[in-house]
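Please read the structure below before turning to the comments.
What follows draws every value from the coordinates through simple rules; no lab data is involved. Keep in mind that what you see is a predicted model, and the values were worked out from it rather than measured. Note that each Cβ is placed from the backbone with ideal geometry, even for glycine, and that neighbours are counted across all protein chains shown.
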Amino acid sequence: MISLQISQVYFSYLDGLVLHDINLSIRAGEMVGLLGPNGSGKTTLIKLVSGILKPSQGEIRLDGSSLSRLSRKSVARSLAIVPQQFHIPFAFTVGEVVMLGRIPFLKAFAEESKVDSQFVANALELVGISDLKKRRFDELSGGERQKVILAMALAQQPRLLLLDEPIVHLDIAHQVEILELVKGFNVEQGLTVIGAMHDLNLASLYFDRLVLLKEGRVWADGVPAQVLTEDIIRDVFSASVRVQPHPTAGVPHIVVMPKGSIVKQQ
Amino acid sequence: MLVKWRRGNRLILILLLLGIGLVLFLFLASAFGAVTISLPNILKMTLNKLAVFDFPATWMSVDETIIFQIRLPRVIGGVLVGAALATAGALFQGLLRNPMADPYIIGTSAGAALGATIAMMLPVNLAFLGFGLVPVAAFCGALATVILVYNLARVGNKTPIVSMLLAGFVVSSLLAAIMALLISMSDRLGLSLHSVYSFLMGHISVTSWGQIAVIAPLVIGGIIGARFFAFHLNAFSLGEEGAAYLGIEVERDKILILALGSMLTAAAVSISGLVGFVGLVVPHAVRLSLGPDHRILLPASALAGGIFVVMADLLARTLMAPVEIPVGVITAIIGAPFFLYLLRRTRREYAF
């Protein structure tokens, strides 16, 4: 079953073309990583799929219906986004922030119902932060906050979860923790995931399919072993690397080769 | 289940207490003035008036006139001004995510002041629905300025909040300069500096029920409308993009929230001039004590704002009677220390 169909999508900001002729179909239950250098269009593609940007040309269909014809509310009932970070200027508690994920389902003036509270409790449970529920969001660490945002996204009951470089500001332990959680939802509940990723090695470990963008075009698309080759990485990132199999998982693992003799050799 | 039940009850209890407080202050503020009228008498008069009871009159009929024709319209005017400004402040702070946001932030104050000043210069003496030219001009000036600022800040089909704050600041400065020019030529223009000053410092000038009849529906409608956007404002605390992720039609709702806040502000300004500090401090104080959820923040701010201004106006009328202190002076003198106290005590506010 196809969950997301991106057909001949072009997008330009006021100062130039950012995406050229993007064609991708993503099946329900896939976990797809978007890779590419800075400015290659990863984040723009995530925003197009989230519906907050509209393609200049082409069409994006979500479960068969054209995204541009759906209301914001019905889009928010199907997909959720975890961005790099959220800054919340008011002193909401964790429970209140996760409850924000129920907004697409609430009617004006209505109080949240028992069902909504149950979804919030489940989301907190799934992410393993039930004990943080009464804490203030702004007093948490970056890693904890990102888990709260993930729980908020889950409270939206999404069929498609979009990640926009969700772990770039986190330490390595929290990076792995967040990706393990997302991978778990993908495997156990069949949640479709599309994530823009910066770290090639983490993408290789956790994503089944990688789409590599260069200058707004799809340069490579396939399983990690097809996409993360020494040649492709040199062409796209202009970086000199060695690709080895990961010691336990066997997926490609990228080792950076220093350019000159600045780094001492042993 | 138990937790939710408790939470709902707590909210209702808080609103109920604020409501009772507001009614008490209404009576208290009606009792004091040039003539003091006893509270039991006011209660009896009111119940008689509402045709609930028929107490024998133990008061002079002039007292009844003072209460119903002079004090009550003014006191209720104060409630409306406070409720409108505090609600508008909560709306703007929530939408703009800016701790300095008050009802005047995008130019309403400068527009209203210039409108009022120009009206004061005109030799005509119109009356419109019980209003003179000055309140009508203030109302129109406030709304016209917001519309101008909103359109100046527009880029393509979006109106980014930062450019709106900047445009608001620049337009306000320009209008304030024009007003300063008019004031500097006040002799030649026949402009009463006292009237301008009184408008700028705030003065609740309700003299008839007719004015209440026009302003009350605007303010009450505005507050109910604001409550409709409580969830949207909670979503806006994630920023505009975050709100869109949660299904909010950002540009449409931004216009509606701005329009509501501006209408509330313009309604208040038209009967009170520029009463400062209420719209800034009341929502902050409520947020510090009750938390940032707009479902409780909006109605609680409206009630607390009403109490605050009625109390301030009572002091303004009586402290140095027969001289009236501008109500805006009282709101600042009481509001600032109270706010600082709350800020020091709770720390439940902004995190940067």
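General remarks:
- Relative contact order of chain A, pairs being alpha-carbon contacts under 8 Å that are 6 or more residues apart, as %: 23
- Each residue in A:Leu19, B:Leu319, B:Leu218 was given a count of other beta-carbon atoms within 10 angstrom of its own, and listing them fewest first yields B:Leu319, B:Leu218, A:Leu19.
- Dipole of chain A [Lys/Arg +1, Asp/Glu -1 at C-beta], most positive-end residue of A:Ser141, A:Val176, A:Gln189: A:Gln189
- Local net charge near A:Leu70, Cβ-Cβ under 11 Å (Lys/Arg +1, Asp/Glu -1): +4
- Calculated SAXS-style log₁₀ I(q)/I(0) at q = 0.16, 0.18 Å⁻¹ - the stretch A:2-222, Debye, Cα scatterers: -1.12, -1.36
- Taken about its Cα centre, the protein assembly as shown carries a charge dipole of about 660 debye when Lys and Arg each add +1 at the Cβ and Asp and Glu each add -1 at the Cβ.
- Averaged over B:230-237, number of beta-carbon atoms from partner chains that fall within 10 Å: 5
- With a 10 Å cut-off around each Cβ of A:49-55, the average count of Cβ atoms from other chains is 2.
- Protection-proxy order for peptides B:96-104, A:151-159, each taking the mean of Cβ atoms within 10 Å per residue, highest first: A:151-159, B:96-104
- The residues B:Phe139, A:Phe92, when put in order of fewest to most other Cβ atoms within 10 Å, stand as A:Phe92, B:Phe139.
- Selected from B:Ile215, B:Phe229, B:Ala244, residue furthest toward positive end of dipole (the stretch B:144-268; charges at beta carbon): B:Ile215
- Normalised contact order of the stretch B:2-346, rounded percent, pairs of Cα under 8 Å and 6 or more residues apart: 29
- Put simply, the convex hull of the Cα atoms in the stretch B:7-113 casts, on average, a shadow of 10.2 nm².
- Entries of A:Lys73/A:Lys134; A:Lys183/B:Lys158; A:Lys114/A:Lys147; A:Lys214/A:Lys259 with Cα pairs more than 26 Å apart: A:Lys73/A:Lys134; A:Lys183/B:Lys158
- D (Stokes-Einstein, µm²/s), Kirkwood Cα radius, the protein assembly as shown, 1.306 mPa s at 10 °C: 58
- Alpha-carbon gyration tensor eigenvalues x 5, square-rooted, for chain B, Å: 33, 29, 17
- Check: chain B dipole with +1 on Lys, Arg Cβ and -1 on Asp, Glu Cβ, in debye: 880
- Within chain A, longest stretch clear of exposed GluC sites (Glu not before Pro) (DSSP loop, no more than 16 other Cβ within 10 Å): A:1-110
- Using Cβ point charges alone (K and R +1, D and E -1), the dipole size of the stretch A:2-222 about the Cα centre works out to roughly 680 debye.
- Going from the fewest other Cβ atoms within 10 Å to the most, the residues A:Ser66, B:Ser205 appear in the order A:Ser66, B:Ser205.
- Taking each DSSP H run with n ≥ 4 as -39500 (n - 2.57) and averaging over every residue of chain B yields -24000 deg cm²/dmol at 222 nm.
- Helical mean residue ellipticity (222 nm; -39500 (n - 2.57) per DSSP H run of 4+; nearest 500) of chain A: -9500 deg cm²/dmol
- Extreme residue, positive dipole direction of the stretch A:1-141, given options A:Leu4, A:Ala91, A:Ser74 (C-beta unit charges): A:Ser74
- Estimated vicinal HN-Hα couplings, Hz - the stretch B:311-323 in sequence order (Karplus 6.51, -1.76, 1.60; Gly, Pro = x): 5, 5, 5, 4, 5, 4, 7, 9, 4, 10, 3, x, 6
- Across peptide B:246-253, the mean count of Cβ atoms from other chains lying within 10 Å of each residue's own Cβ comes to 5.
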